[in-house]
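The values are calculated or read from the model by the stated rules, or taken from the named source; none is laboratory data. No experiment lies behind these values; they were computed from the predicted model shown. Every residue, glycine among them, receives a Cβ derived from its backbone with ideal geometry; neighbour counts consider all protein chains shown. Note: areas computed on protein heavy atoms with side chains; ligands, DNA, RNA excluded. Shrake-Rupley method; radii C 1.70, N 1.55, O 1.52, S 1.80 Å.
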Amino acid sequence: MSHPSPLAAAQHRALALRAAGDLGAARQLLAEVVEFARPQFGEDHPEMLHTAHLLARLHREADDPLAARRVLEEAFAAGERRWEHSDPALLALAFELAEVAEELGNRHEARRNYTRVATAGPAALGEQHPAVRAARATSAGRPRPAAGGRARPRPMLAASRHCPVRPLSLATL
């Protein structure tokens, strides 16, 4: 019987804390895990990228887009040193970074990351993937539908082909 990796276990624990109403503890747990697991896993390991993505999602949920942006930028920079921009994990980070940049009013950064997803996403995720469709609409200049003020976090993209652990769906958030 296989056991979940320490990072997957931390993701599950963070989601349980969040579900119990302790978003602060969930964020703290993942921030510590990302920091302390870096030497063991390496900052570009797919599970590290997925854990950082979840941490960024929790920062967004806590209305802290600046913290989310910092985590996403660090994870994307680490990931792109090893993986192609068409890797599903990097596409997930790029899409999330685009949404955070849009929230913060940085249209240039948002457009650059939406364009990454619109360009590489169809081959990696499929033409009809919600992130691809949203990125294409946004990079083409069509306005995104409003989500009642603050941007609503979207489900994470599928796991990378390099990582057997699938990222946790934020539908459970």
Simple spin-label estimate for Asp22/Ser86, 7 Å along Cα→Cβ, in nm, reads 4.4
At a 1.4 Å probe, what is the % contribution of carbon and sulfur to the accessible area of the range 1-137? 51
Short version: ³J(HN,Hα) in whole Hz for each residue of the range 31-40, in order, from phi by Karplus 6.51 cos²θ - 1.76 cosθ + 1.60 (θ = phi - 60°), x for Gly and Pro, what are they? 4, 5, 5, 4, 5, 7, 8, 3, x, 6
Give the shape of the range 7-66 as rounded, prolate or oblate, defined through the alpha-carbon gyration tensor: a ≥ b ≥ c are the square roots of its eigenvalues, a/c under 1.5 means rounded, and otherwise the shape is prolate if a/b is larger than b/c and oblate if not. prolate
Residue by residue through the range 112-128, what is 3J(HN,Hα) from phi via Karplus (6.51 cos²θ - 1.76 cosθ + 1.60, θ = phi - 60°)? Round to whole Hz and write x for glycine and proline. 4, 6, 4, 5, 4, 5, 5, 7, 8, x, x, 6, 8, 10, x, 4, 9
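Indicate the gyration tensor shape class of the range 17-150 (rounded, prolate or oblate), computed on the Cα atoms with a ≥ b ≥ c the square roots of the eigenvalues: a/c under 1.5 is rounded; otherwise a/b larger than b/c is prolate and the rest oblate. Write out the running numbers ahead of the final one.
Working: a/c = 2.02, a/b = 1.28, b/c = 1.58.
Oblate, because a/c is 1.5 or more while a/b does not exceed b/c.
Show me 61-72, 42-53 ranked by packing, highest mean number of other Cβ atoms within 10 Å first.
Working: 61-72: 18.8, 42-53: 23.3.
Ranking, from highest mean packing down: 42-53, 61-72.
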How much accessible area per residue does the range 5-99 have, counting only protein heavy atoms and a probe of 1.4 Å, in square angstrom? 40
Students often check this: by mean Cβ neighbours within 10 Å, which of 111-122, 88-99 ranks highest, and how do the rest follow? 88-99, 111-122
